[in-house]
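Everything on this sheet refers to the single structure shown next.
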Amino acid sequence: MKNIISIFLLVFSLTIYSQNEKMEIQEYKYIVDSIYSTNIKDYRTVKVYLPTDYSEKQKYPIIFSLDGEWMFEPTVSESKILMDFDVIPKSIIVGVFHKNRNEDLGINWKTGEFEKNSMNFYNFLEQELIPKINSTYSSSGFNILVGHSNSATFSAKVLTQKGQPFQGFIALSQNLFGNQLQEYIKFTKETFNNIIFYFVASGKRDATPRIESGMKLDSLFKINQNKNFRTQHSLYDADHSGIAGKGLNNGISYIFSEYKHYNDWNDKLIDSLLAKNISSINFINKHSKKMKDIYGIDFKVNQDDLSLMQAMTQNDNDIKAVQDYEIEHFGKSKDFYATYAQFYEYSKSYDKALEYWSINLENYYKENTSFFYYRRPIDLIYKKMNDPNKAIEFAEKWKEKAPEFSPYFNLKIANIALESNIRRKRGLKAIQEYIKNYEEGLSINLEKAKEIETKLNR
């Protein structure tokens, strides 16, 4: 195989001008290759899209789009949207272009077998293109084949080939010929070492044989017992071309349906893990290994996953373990101490919580824009640790360091003094200062502040 052309091609989308500024919408970078195949005995053009932050240190699934002339750009666009929102992992997209698609993709209508030229094209994909891509780019070993119409039928044939190199198939408006359906049934009974995904899309306004093929597969998908063969059929109100427009995003999403992040809103999962005494860190580590096993990727835990771990903490040991995990994978954020102060509060480790609130204030009080970071430790000391004297002292200390929040400190001091019937003079002084410097929009109005003053004067 001889690579005769390798160039970078920058493809810019439209630039929109508003009245006051110029706004650039999007930019893609493609690599264009013309590859000579000893199987086809001819050249084939391929385009390669790399994720924006592509790195040789990271492994990427490869999405191969047949009919590159019209399917490559949509595959890039849909995949990029899903990547940007972390619905799927960062992936490389390869568009394969045809000189004569009927020859490259032809399946015998009577037998359902490859034609001579399409057999050669399949060998090109398996023996030449995929090895070429793997040797050039950082591939995870998880390959997806995308096809529409004739290339979808071709993809269905590739699926059932012994030792074929793809783990995901997206067949948009496929037709099945000859013995293809029987081959599929036989294929589902085989044992696979790895999971294979098969997504089929049909359209209500498509050609009747294509709809019939889709519905036959739909029936078989519903009785599929092979746990390592994942199948889904979607029927759209669409014509032949519209199926690609509606089904492509869903197909890509389905292939990566095992790729997901977790969060602290999943109460059912959290309750289940706690009931089974499964550590959140072990759960996420097991999920990371699963992503490696299925997609060949190094799963990157994000803040959502971390929130699940935090929500599952029940004692100091749990909190410490999650803290260590966060430091290892994310480092310490600005909110690190404030976040874990709250988790220590939830676990009733009040001394530890106060320690963390205090560290947070010492580190960031000059940057604080919210009284929340002072209110929480004051309330902790007063209400949960039942120490109103210490709460007033804490408030007075931080009032000196953060005078911009003086009205809020004064109100806290006055209320604690009044409710606890201690240090009433300090409370009176604080509420009088609040009244003297009162501004519209503060926590309570002047009338209520004067009521507190009157009560403290008694």
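The values are calculated or read from the model by the stated rules, or taken from the named source; none is laboratory data. Source: prediction; values computed, not measured. Methodologically, a virtual Cβ is constructed for each residue, glycine included, from the backbone with ideal geometry; neighbour enumeration extends over all protein chains shown. SASA here: full protein model, heavy atoms, side chains in, ligands and nucleic acids out. Shrake-Rupley method; radii C 1.70, N 1.55, O 1.52, S 1.80 Å.
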Single residue of the stretch 165-179 satisfying the filter (under 28 Å from the mean Cα position of the chain (by Cα) and of a type in the set (G, A, S)) that is surrounded by the most Cβ atoms within 10 Å (Cβ to Cβ): A171
Test: residue in the stretch 377-393 that is touching a Lys or Arg at 6+ places or on another chain (Cβ under 9 Å), hydroxyl-bearing (S, T, Y) and at pLDDT below 95: no
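Residue-by-condition table, conditions (1) farther than 30 Å from G203 by Cβ; (2) open to solvent by 30 Å² or more (accessible area, probe 1.4 Å); (3) not in a loop (DSSP other than H, G, I, E, B):
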site	(1), (2), (3)
G245	no, yes, yes
Y254	no, yes, yes
H261	yes, yes, no
H287	yes, no, yes
M291	yes, no, yes
Residue pairs meeting the criteria (Cβ under 8 Å; at least 6 apart or on separate chains; first without any contact (Cβ under 8 Å) to a residue 12 or more places away in the chain, in the stretch 152-170; second surrounded by fewer than 20 Cβ atoms within 10 Å (Cβ to Cβ) and assigned to a loop (DSSP other than H, G, I, E, B)): none
Filtered residue count, the stretch 356-382, keeping only those that are exposed (fewer than 15 other Cβ atoms within 10 Å of the Cβ) and either part of a helix (DSSP H, G or I) or hydroxyl-bearing (S, T, Y) (or both): 7
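Listed here are the residues, each with its yes/no results for (1) basic (K, R); (2) in contact with an Asp or Glu (Cβ under 7 Å, 6 or more places away or on another chain); (3) closer than 20 Å to P209 by Cβ; (4) in a helix (DSSP H, G or I).
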position: D104; (1), (2), (3), (4): no, no, no, yes
position: K110; (1), (2), (3), (4): yes, no, yes, no
position: S118; (1), (2), (3), (4): no, yes, yes, yes
position: L129; (1), (2), (3), (4): no, no, no, yes
position: N134; (1), (2), (3), (4): no, no, no, yes
position: S140; (1), (2), (3), (4): no, no, no, no
position: T153; (1), (2), (3), (4): no, no, yes, yes
position: Q161; (1), (2), (3), (4): no, no, no, no
position: F166; (1), (2), (3), (4): no, no, no, no
Hits in the stretch 130-150 (condition: over 23 Å from the mean Cα position of the chain (by Cα) and buried (at least 24 other Cβ atoms within 10 Å of the Cβ)): G147, H148, S149
Restricting the stretch 189-216 to residues that are within 22 Å of E258 (Cα to Cα) and open to solvent by less than 30 Å² (accessible area, probe 1.4 Å), the residue that is modelled with the lowest pLDDT: F192
Answer from K90, K59 - the residue that is within 16 Å of the chain's Cα centre (by Cα), at pLDDT 95 or above and either surrounded by fewer than 23 Cβ atoms within 10 Å (Cβ to Cβ) or among the polar types (S, T, N, Q) (or both): K90
Count of the stretch 28-55 residues which are without any contact (Cβ under 8 Å) to a residue 60 or more places away in the chain, open to solvent by 40 Å² or more (accessible area, probe 1.4 Å) and of a type in the set (S, T, N, Q): 2
